[in-house]
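K.L.:
Dumping the structure here so I can ask a few things about it.
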Amino acid sequence: MPELWDIYDRERNKTGRLHERGAPLAPGDYHLVVHIWIRNSRGEWLIDKRSPAKTLAPNIWETTGGSASAGETSLEAALRETREELGIALRPEQGCLWRSMRRDDDFCDIWVFEQDVVLAEIVFQPGETCDARWATAATIRAMMREGTYFLTPYFEELIAGVTIRQEHPSDYDEVYALVKAAFATVPGGDGTEADYLNELRTKSTFIPELSFVAVENDEIVGQIVLYQTVITTRDGPRTELLLSPISVHPAYFRRGIARTMTEHALAKAKAMGCRAVFLCGDPAIYKKLGFAPTYKYGIYHLQDAKAEWSMVRELYEGALQNIEGMVETI
C-alpha cells in the first residue's frame, strides 16, 4: 500500500490534497517531517545507525525521524517513527517540540524527549536501523566532522537550545517582566497584559499544567497559557480552552519560539483529553499556526458573528463537528 502524505501550502495550511511518497512534489507544495531527539538523565543523546541496506547514506549515524503519514499530527508521527524504527514507546508528556522550520519542500518539526531508554530493549526495524548508542554532544560533533554522522545544521542551537517546561510560581516575577516587554512592542497593547496573567492564575479556570515558559540559558524568553473558557451551545455550556496570553521577549523574535510553545501546549492539551483551543488574535499570524475563524465551525463571537479574529484550532479532526454556539473571548 503506498505511503501518503498530507500536502501543506507555504503557510503550513493543509491543502486537502494527498501526495504519494516517491513522486516529486509540485512547486509550492510541502509535507511534514519530524526529527526525534531522545536525551537521558545523564544529558546524553540516543543516536541510531542506518541499515547497510539503505540506498541513501548506509551505515551513517543519525537521530530518528521521518515523514508524517496522511492524517497524523506532528506528535503522532514522532511517536510512530520511534516505535517503528527502534521499538521504543515514548511518553508524550516527556516530549517538547523544540523548533519548527520550513525548508525547501517540507516543514521539519524537531522534538526532544527526556527518557532513559534501555539499549538492550531496542528493537531495530529491518532495512532501516541496525545499531544504537548513547552519545554526548561532543561525540556527535566529532562524528559529524568525521563524516560518520549526518550533518545537522541546527545541532549547536539544539544543544544550547530553548526548552519548554511548565511554569512555576517562582517564575512569576520574571514572566511579568517578560510579558511587559513583549506587549510594549505590540500595536494596541495597553500595558495591562501582565496584570491580566497574574489575575488569571488566581481563578478556578487556570490550569497550572497548561501554563508554560520557554527557557534559554536559564533565562525565560517566552510564555504561553491555556485556560478554561465556556462556549454557549443549544445543548448547554461546553468547556473548552482559551489561549491568552502568549509572549516572546523582543530579543528572541523570529526564531520560531511562539510556534514551538504553541505546538507544545496544544500537544499537552490533547494528551489531557481537551478538544479545541480558542483565541482572539491577528489572523495573519494565527492562521500560520493552524487556527481558523470560529464562524467556520458554527461558533460565533458575541461582538461580531463574522469576526476573523475570533479563532479556534481543533485538537483532533471533528472535535467541533455539529457544534453551534456563541463564544465571548477577549
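Read-outs throughout are calculated quantities, based only on the coordinates presented, and are distinct from any laboratory measurement. Since the structure is predicted, the reported quantities are computational estimates derived from the model, not experimental observations. FYI the Cβ positions are ideal-geometry reconstructions off the backbone, even for glycines, and counts take in every protein chain you see.
K.L.:
How do T148, T73 rank when sorted from fewest to most other Cβ atoms within 10 Å of their own Cβ?
P.N.:
T148, T73
K.L.:
Go through region 25-71 and name the trypsin sites (Lys or Arg not before Pro) that are in a DSSP coil and have 13 or fewer other Cβ atoms within 10 Å of their Cβ.
P.N.:
Those satisfying the criteria are R42.
K.L.:
Ignoring solvent entirely, what values of log10 I(q)/I(0) come out of the Debye formula for region 171-267 at 0.11 Å⁻¹ when each Cα is a single scatterer?
P.N.:
Once normalised to I(0) and log-transformed, intensities are -0.34.
K.L.:
Could you give the Stokes-Einstein D for the chain in µm² per second, using the C-alpha Kirkwood radius, 4 °C, 1.567 mPa s?
P.N.:
Calculated translational D: 61 µm²/s.
K.L.:
Where in region 1-33 are there GluC sites (Glu not before Pro) that are in a DSSP coil and have at most 15 other Cβ atoms within 10 angstrom of their Cβ?
P.N.:
E3, E11
K.L.:
Taking N as the number of residues in region 55-129, what is its Cα Rg relative to 2.2 N^0.38 Å?
P.N.:
Dividing the Cα radius of gyration by 2.2 N^0.38 Å gives 1.15.
K.L.:
By how many degrees, between 0 and 90 and to the nearest 10, does the Cα long axis of helix 74-86 differ from the longest principal axis of the chain?
P.N.:
Orientation of helix 74-86: about 20 degrees from the principal axis.
K.L.:
How large is the Kirkwood hydrodynamic radius of region 163-327, in angstrom, based on all distinct alpha carbon pairs?
P.N.:
Taking the inverse mean of 1/r over all distinct Cα pairs, region 163-327 comes out at 16.3 Å.
K.L.:
Sticking with this structure for a sec: Here are some pairs, K14/K288; K14/K296; K203/K270; which of them have Cα atoms lying more than 19 Å apart in this structure?
P.N.:
On the way: K14/K288 11 Å; K14/K296 16 Å; K203/K270 22 Å.
K203/K270, as the Cα separations exceed 19 Å there.
K.L.:
Using Cα centres only, tell me the gap between region 274-292 and region 221-267 in whole Å.
P.N.:
Using only Cα atoms to place each centre, the spacing works out to 9 Å.
K.L.:
Compute the projected area of the convex hull of the Cα atoms of region 4-160, averaged over all viewing directions, and report it in nm² to one decimal place.
P.N.:
Here the figure is 9.4 nm², rounded to one decimal.
K.L.:
Nearest-5 percent of antiparallel DSSP beta bridges in region 163-327?
P.N.:
Approximately 85 percent, going by the DSSP bridge assignments.
K.L.:
On to the next question. For region 16-106, divide the Cα radius of gyration by the Kirkwood radius and give the resulting Rg/Rh value with two decimals.
P.N.:
Details: Rg = 14.5 Å, Rh = 14.8 Å.
Taking Rg over the Kirkwood Rh, I get 0.98.
K.L.:
Relative contact order for region 163-327: what is it in percent, counting Cα pairs under 8 Å that are at least 6 residues apart?
P.N.:
19 percent
K.L.:
Only Cα pairs under 8 Å and at least 6 apart count here; give the relative contact order of the chain as a rounded whole percent.
P.N.:
Worked out over the chain, it gives 13 percent.
K.L.:
If you don't mind, another one. Bin width 10 Å, origin at 0, all Cα-Cα pairs of region 139-179: what percent of pairs per bin?
P.N.:
Going from the shortest bin to the longest, the percentages are 23, 31, 19, 19, 9.
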